[in-house]
Amino acid sequence: MLRRRVIPCLDVADGRVVKGTRFVDLVDEGDPPELAERYAREGADELVFLDISAAPERRGTLLDIVERTARRAFIPLTVGGGVRSTEEMRDVLRAGADKVSLNTAAVADPTLIGRCATRFGSQAVVVAIDARRRSGAAAGWEVVVKGGREATELDAVAWAERAVELGAGELLVTSIDRDGTGAGFDTALLRAISSRVSVPVIASGGAAGPADFVAAVRDGGADAVLAASIFHRRIHSIASVKAAMAAEGLPVRHVPEVAA
Amino acid sequence: MSEEPRRPRIAVVDYGAGNLVSIEQALTSVGASVTVARDARPLAAADALVVPGVGAAGPAMERLERGSLAEPIREWIAADRPFLGICLGLQLLFEGSDEDGATTLGVLPGRTSRLVDAPTLPHIGWNQVVRTREHPLFDGIADGADLYFVHSYAGVPQAEAEAAVLARTEHGHPFVSAVAVGRLLGVQFHPERSGTDGLRLLANFVGLVRAGAATPAGVAA
């Protein structure tokens, strides 16, 4: 049976892992490949690098850390943040990433999804959807871009379906309302999307503890669950999250204990 | 200290179908010397051939033909030289693919078909690889170990090729996740992305290549 995946996300700025509420109050947290290797050893099923650096020389720095990570952590690596063309995607894959996640650029030009999927296969194309619950009478969720700063008026569920039709092999669904709050995943959002698409859905935004991971899978229908700060700050280990999932009957991959 | 044995030379076929870096680095880390083969020339000096790849069969076959690699690969396998196909590299060994109707290498009787009754497609993630028999490729790896998959299609051997099946995995229905015929080996999962067990499998492959390079008739079928 296919295991439910637990995925640490590393926010990377100018070649370093940073922590803090996404995009503000960044604190240097270490060398990405080193952290990646630690997570792989501790049982991470995959890794996600989200490049949030603003420097113009970001691309070279990012490719360098992807390459160094691929040499040390032999588990799948997804890279997101700022990929706008098939050429940029090719460079990231050549550096050793397995998948690229497209977000703002895919909203701006949805044909990018199809072009990337045709060239590299759907399995390499993750479409990241940042969704915000609509307030007032309008039900549902709206897609937001540019790190949550810009609204699009796109309906998140409709965009998810469209992204899959265009060739997305996976969806990374982040609740912007919950992200960084520790209020738990938006399971209604996850369920609304996972019930409408056949591709795997990765839950993101709001994890505080192991029970949230269980809820994302059981209530949200997520195939994988992503979190950043609770792992970086060592509030919870990957093993303790997986143990909680297993105790609730969810299939997870166990990693042999590493001698201390 | 004994001298380090010569690193087996493994040619990894690059036909533009996916992530070569990880397979290169994984093979290097388990003791192989890797050459990337964009045409048939590097095959002459190689002890083993690895065909990785993800994506659709049709474009992959076109690129193999364009690089004049399809026939040399068939000849390599016909000579029972050490070979490992990974993911699409396994699927291409069958006669054809239902994905786009492509005619593939035709080394194994059967076709590549879409996974039946799969709860999610693509099948992405860690799943159990259950052996149908023992094989040195899996030495030191528990039966039913979790390995990493990324695919929507899988090879379906004809009845006469059933003996080639080495392992199965279930996603909806069971599908063939590893084959072995003589020195021809193929896996549907990605050992280069399957953590410690994946590296163990690649190390086993390199070990088989090393043994095979020393005694050309040495590897059990």
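The values are calculated or read from the model by the stated rules, or taken from the named source; none is laboratory data. Keep in mind it's a predicted model, so treat the numbers as computed, not measured. Positions of Cβ are backbone-derived with ideal geometry, glycine not excepted, and every protein chain shown enters the neighbour counts.
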Task: Listing of helices (runs of 4 or more DSSP H) fully contained in the range B:1-97 that carry 1 or more residues being under 13 Å from the mean Cα position of the chain (by Cα), within 14 Å of another protein chain (Cβ to nearest Cβ) and over 19 Å from A:I75 (Cα atoms) - done: B:88-91
- [ ] Starting from the range A:68-82, keep only residues that are facing another protein chain (nearest Cβ under 7 Å), then list their pairs with residues that are in a loop (DSSP other than H, G, I, E, B) and modelled with pLDDT of 95 or more whose Cβ atoms are within a distance under 9 Å, requiring at least 6 positions of separation or different chains.
- [x] A:F74/B:S194; A:I75/A:A44; A:I75/A:D45; A:I75/A:E46; A:I75/B:S194; A:P76/A:D45; A:P76/A:E46; A:P76/B:H190
Open item on the list: Quick check on this structure: which one of A:V225, A:V241 is out of contact with any Leu (no Cβ under 9 Å at 6 or more places or on another chain) and either more than 30 Å from A:G114 (Cα to Cα) or modelled with pLDDT under 95 (or both)?
Closed with: A:V241
Open item on the list: Among (1) surrounded by 19 or more Cβ atoms within 10 Å (Cβ to Cβ); (2) acidic (D, E); (3) more than 14 Å from chain B (Cβ to nearest Cβ), there is one condition A:D98 misses while meeting the rest; what is its number?
Closed with: (3)
- [ ] Pull up the range A:82-92, narrow it to residues that are surrounded by fewer than 23 Cβ atoms within 10 Å (Cβ to Cβ) and not hydroxyl-bearing (S, T, Y), then point me to the one that is nearest to the chain's Cα centre (by Cα).
- [x] A:G82
Task: Hits in the range B:160-179 (condition: hydroxyl-bearing (S, T, Y) and within 12 Å of another protein chain (Cβ to nearest Cβ)) - done: B:T169
TODO: Could you grab me the full set of residues in the range B:145-159 that are within 12 Å of chain A (Cβ to nearest Cβ) and assigned to a loop (DSSP other than H, G, I, E, B)?
DONE: B:S152
- [ ] Kindly indicate the residue of the range B:104-133 that is over 17 Å from B:T169 (Cβ atoms) and of a type outside the set (V, I, T) and also surrounded by the most Cβ atoms within 10 Å (Cβ to Cβ) among those meeting that condition.
- [x] B:L108
TODO: Kindly indicate whether any position in the range B:132-144 is in contact with a helix residue (DSSP H, G or I) (Cβ under 6 Å, 6 or more places away or on another chain), closer than 23 Å to A:F120 by Cα, part of a loop (DSSP other than H, G, I, E, B) and within 14 Å of another protein chain (Cβ to nearest Cβ).
DONE: no
